[in-house]
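The values are calculated or read from the model by the stated rules, or taken from the named source; none is laboratory data. Only a predicted model underlies this, so the values are computations on that prediction, with no experimental measurement involved. Note that each Cβ is placed from the backbone with ideal geometry, even for glycine, and that neighbours are counted across all protein chains shown.
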Amino acid sequence: MHHPWQDTSLTAPTRAAQLLSQMTLEEKLAQLVGVWPGSDAGSEDDADVAPMQSEINSDVPDLTALLPHGLGQLTRPFGTAPVEPGEKTRVLSDDQRKIAAANRFGIPALVHEECLTGFTAWQATIFPTPLAWGASFDPDLVEHAATLIGRSMRAVGIHQGLSPVLDVARDPRWGRTEETIGEDPYLVATIATGYVRGLESTGIISTLKHFAGHAASRGARNHAPVSIGPRELADVVLVPFEMALREGGARSVMAAYHDLDSVPASADPWLLTELLREEWGFTGTVVSDYFSVSFLEVTHRVAGSPAEAAALALTAGVDVELPAQRCYGTPLLKAVQSGEVSEELVDRSVLRVLSQKAELGLLDADWSPVPPVLASGEAVDLDPPEMREVARRLAEESVVLLANGGGALPLNATGRIAVAGPLADDVAPMLGCYTFPRHVGVHHPELAVGVDMKTLLEAVTDELPDADIDVVRRAEDTAGADVVLMVAGDRSGLFGRGTSGEGCDATDLELPDEQGELLDELLATGVPVVLVLLTGRPYALGRWADRLAACVQAFFPGEEGGGAVAGVLSGRVNPSGRLPVGVPRHTGAQPWTYLAPPLGQKGDASSIDPSALYPFGHGLSYTEFAWENASADTETLDTDGETTVGLTVTNTGERAGTEVVQLYLHDPVARTARPVNRLIGYTRVHLEPGASADVRFTFHAELAAYSLGDGRHLVEPGALELRFGASSGDMRGTVPLTLTGRERRVGYERVLRCPATAHRYGA
């Protein structure tokens, strides 16, 4: 006999309400928590949670204690310890069978995993880090990658992915810069929305994080307070979340750790309910960042007990406590029973959780604990050729050629090459902190990486079989070399265990671990030096820029990164990556962003030049492109109208290549201080030698909107300039445009995207 909540002809909220009406308070609360099997949260052996206060571990029940009432979520069954994927899939299937059998409604758990650089599981494909996604300027390829990642997760029984990160980078000293997509809200929004679409298309719930403003912390410190105004919040921080929710269809949001103007994000009803739900219309679930509900008590000190922390978070709009039950368990139960917390708040969150389980098929009468890959009888392969191929393409597109003034690149295929640097023969600089080897594998030194990878030395040796390649440990050993390949970079980690990654913040932007000193010694030899950077953040290069023969930047490019970078060095790959964050000139001129208004740019009022050495959007190619005939369909446009602007790009070089055409907005006079240039559109254009493309952007007047600080955005009549740039500092064409008509206020439904097309012709 089927129950009403199992009737698939009814809507998910209707089914959820039917089930909710039959639940006891204990059964309701069980749906709002997760358990983390295999994790000793807070122990010295657990890198992911080691800094968390010991108080958080008290009164945390295990899986067995929760089962009679049901279970909301299972936390990271694949991403906690190295287990062979086929074996773990079978164990998860057995666990789900036990969970469903133990509660009177037969409800399984919703299972979540990290997927920031691919499925964070041993032997799963390791994609480039999100900062590399940004460098690709290719949302379609990122969407394709996310689709493959989602399929692999769904096949083994995962339902929710804790990605992508939509934080806009504000200070590259922040250790989690590698997790961001870049410093520009439009780039972050479009790339992240592509990722969300891909993940959601497979049935995996995409979780947007960290809501909101986490990357704008004081001093670029992890978990530090954020002090930004409402305009920066509206015009920079929130834009990616708006697009990813509205266009991407993300069904989950993660509340962040920090406080925003002294109000912790996980206890902010304006942020999580008034803005997110009432104004934006979000109907999915809000999950806590790991332990962030407990942090209201033990770090923010806005709650005096776990019960008070639970009440604050639940009232604000946090539906699910992750990664394990503490505040939403017995403390919240007693608070509701005593009348201190309304059961209506519990019902509100449980309804959202059950609605999502209904959408996923977890409430269906024919639900099976056997995941698709086991049902099909296929072997579990988390690193198939198709995924490796997309990882390769994304890695290749993300490599940025910063400089080549000495013409040292491509490398001579038969030359004498000295390779230097402590990371040249190490896979670590290919891997971000949320890859399995750097997140978990570092605690298992006996463990293999799990996927086939090449160090840069191995990849260059394979790429240039006829070259004479020597590894040198000291500068004096470079004698006789035609060129020195200096490989510098990061080892990612967590909470101070690396030079980049969560909790691995930097006091300045010097190359870490004395790599700068080695570079100085190599440059002093007089042998041309090509600097290759494999990092999680940009480092200041001003002291070396005019002495380098060439410079290549890659941001943790993943398992195929060695071949991708080697391909650029050899010339097999014509570089097309563009900087998603500017490369600083000086180590201490932070924070700074290209989005600074005139007063924030270089000027006579200060002795400091904060501007980037290589600006946002910069990147060179092995061919040349001519830009000409910038124009618009009209010189005037109503404040609610749209027009087409464009120009012609021609490959004037001798080899095929890809140009990234960027469209910037310049607002000469506004009511608030505006960025000198702000990205509003971009497109990749691949051209054969001699070929041209007419590139066209559809510009809507609402793209010129900006916040007045009241949550609404203003579109006002007046003069604008639309600027076509090869970077934020290299404009190739300008189109004047005057907005006419009435002043307009626009909100969440305003136009956010500037679509582009390219009509190719010629050779």
| task | Would you mind stating whether Thr636 is within 30 Å of Leu599 (Cα to Cα), in contact with a helix residue (DSSP H, G or I) (Cβ under 7 Å, 6 or more places away or on another chain) and touching a residue at least 24 places away in the same chain (Cβ under 8 Å)? | result | no
| message | Considering only residues that are surrounded by 15 or more Cβ atoms within 10 Å (Cβ to Cβ), in a strand (DSSP E or B) and in contact with a Gly (Cβ under 7 Å, 6 or more places away or on another chain), which ones fall in segment 751-763? | response | Ala756
| query | Just checking, which of Ala408, Ala365, Ala375 is closer than 21 Å to Gln96 by Cα, in a loop (DSSP other than H, G, I, E, B) and not assigned by TED's automatic domain parsing to the domain that holds Thr8? | reply | Ala365
| query | For segment 537-571, how many residues are farther than 18 Å from Cys433 by Cβ and touching a helix residue (DSSP H, G or I) at 6+ places or on another chain (Cβ under 7 Å)? | reply | 12
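Yes/no per residue for (1) surrounded by fewer than 24 Cβ atoms within 10 Å (Cβ to Cβ); (2) in a loop (DSSP other than H, G, I, E, B); (3) outside the structural domain of Met243 (by TED's automatic domain parsing):
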site	(1), (2), (3)
Leu271	no, no, no
Gly281	yes, yes, no
Val287	no, no, no
Tyr290	no, yes, no
Val318	no, yes, no
Tyr328	no, yes, no
Leu333	yes, no, no
Gly339	yes, yes, no
| field | Enumeration of residues in segment 250-266 that are farther than 16 Å from Leu312 by Cβ and at pLDDT 95 or above | value | Ala250, Arg251, Ser252, Val253, Met254
| Among residues of segment 406-423, those that are modelled with pLDDT of 95 or more and either within 26 Å of the chain's Cα centre (by Cα) or more than 23 Å from Ala132 (Cβ to Cβ) (or both), counted | 10
| task | Restricting attention to segment 477-495, report how many residues are in a loop (DSSP other than H, G, I, E, B), at pLDDT 95 or above and of a type in the set (Gly, Ala, Ser). | result | 2
| Only one residue in Ala212, Ala234 is in contact (Cβ under 8 Å) with a residue 40 or more places away in the chain, among the aliphatic types (A, V, I, L, M), in contact with a Ser or Thr (Cβ under 8 Å, 6 or more places away or on another chain) and under 20 Å from Leu708 (Cα atoms). Which one? | Ala234
| Looking at this structure, is Gly558 assigned to a loop (DSSP other than H, G, I, E, B), touching a residue at least 12 places away in the same chain (Cβ under 8 Å), surrounded by fewer than 22 Cβ atoms within 10 Å (Cβ to Cβ) and not basic (Lys, Arg)? | no
| said: Tally up the residues in segment 353-383 that are under 27 Å from Thr125 (Cβ atoms) and among the basic types (Lys, Arg), please. | reply: 0
| task | Could you list all residues from segment 229-255 that are touching an Asp or Glu at 6+ places or on another chain (Cβ under 8 Å) and in a loop (DSSP other than H, G, I, E, B)? | result | Gly248, Gly249, Ala250, Arg251
| Looking at segment 132-169, which of its residues are within 28 Å of Tyr614 (Cα to Cα) and part of a strand (DSSP E or B)? | Val165
| said: Tell me yes or no: at least one residue of segment 303-310 is in contact with a strand residue (DSSP E or B) (Cβ under 9 Å, 6 or more places away or on another chain), in a helix (DSSP H, G or I), in the same structural domain as Lys209 (by TED's automatic domain parsing) and more than 23 Å from Arg251 (Cβ to Cβ). | reply: yes
| Leading residue by the ranking (farthest from Val239 (Cα to Cα)) among those in segment 647-666 that are of a type outside the set (Val, Ile, Thr) and surrounded by fewer than 19 Cβ atoms within 10 Å (Cβ to Cβ) | Glu654
| field | Matching option when the condition is of a type in the set (Val, Ile, Thr) and closer than 16 Å to Ala109 by Cα, among Val320, Val341 | value | Val320
| Identify, please: which residue in segment 714-750 is surrounded by fewer than 18 Cβ atoms within 10 Å (Cβ to Cβ) and of a type in the set (A, V, I, L, M, F, W, C) and is, among those, nearest to the chain's Cα centre (by Cα)? | Val746
| Criterion (within 19 Å of Cys754 (Cα to Cα) and surrounded by fewer than 24 Cβ atoms within 10 Å (Cβ to Cβ)) met by exactly one of Glu143, Glu200, Glu183 | Glu143
| note | Filtering segment 513-533 down to residues that are in contact with a strand residue (DSSP E or B) (Cβ under 6 Å, 6 or more places away or on another chain) and outside any loop (DSSP other than H, G, I, E, B) yields Gln515, Leu519, Leu522, Leu523, Val529, Val530, Leu531, Val532, Leu533
| message | Of all residues being of a type in the set (Asp, Glu) and surrounded by 14 or more Cβ atoms within 10 Å (Cβ to Cβ) in segment 443-467, which is farthest from Gly562 (Cα to Cα)? Just the residue, please. | response | Glu463
| message | For a quick check of your reading: which strands (runs of 3 or more DSSP E) sit entirely within segment 577-660 and have at least 3 residues that are more than 24 Å from the chain's Cα centre (by Cα) and closer than 25 Å to Ala673 by Cα? | response | 636-638
| Looking at (1) closer than 25 Å to Asp138 by Cα; (2) of a type in the set (D, E, K, R); (3) assigned to a loop (DSSP other than H, G, I, E, B), can you tell me which one Arg696 breaks? | (3)
| request: Among what's in segment 529-550 and is in contact (Cβ under 8 Å) with a residue 40 or more places away in the chain and not hydrophobic (A, V, I, L, M, F, W, C), pick the residue that is surrounded by the fewest Cβ atoms within 10 Å (Cβ to Cβ). | output: Gly542
| message | Being surrounded by 24 or more Cβ atoms within 10 Å (Cβ to Cβ), at positive phi and either at pLDDT below 95 or outside the structural domain of Tyr257 (by TED's automatic domain parsing) (or both): is that true of Gly118 here? | response | yes
| message | Condition (residue is in a helix (DSSP H, G or I), free of Cβ contacts under 8 Å to residues at least 60 places away in the same chain and hydroxyl-bearing (Ser, Thr, Tyr)) applied to segment 452-469: is it met by at least one residue? | response | yes
| field | Matching residues, segment 348-405, being surrounded by 22 or more Cβ atoms within 10 Å (Cβ to Cβ), of a type in the set (S, T, N, Q) and over 22 Å from the mean Cα position of the chain (by Cα) | value | Ser349, Ser355, Gln356
| task | Would you check if Thr644 is surrounded by fewer than 15 Cβ atoms within 10 Å (Cβ to Cβ), out of contact with any Leu (no Cβ under 6 Å at 6 or more places or on another chain), under 20 Å from Phe724 (Cα atoms) and not assigned by TED's automatic domain parsing to the domain that holds Gly542? | result | yes
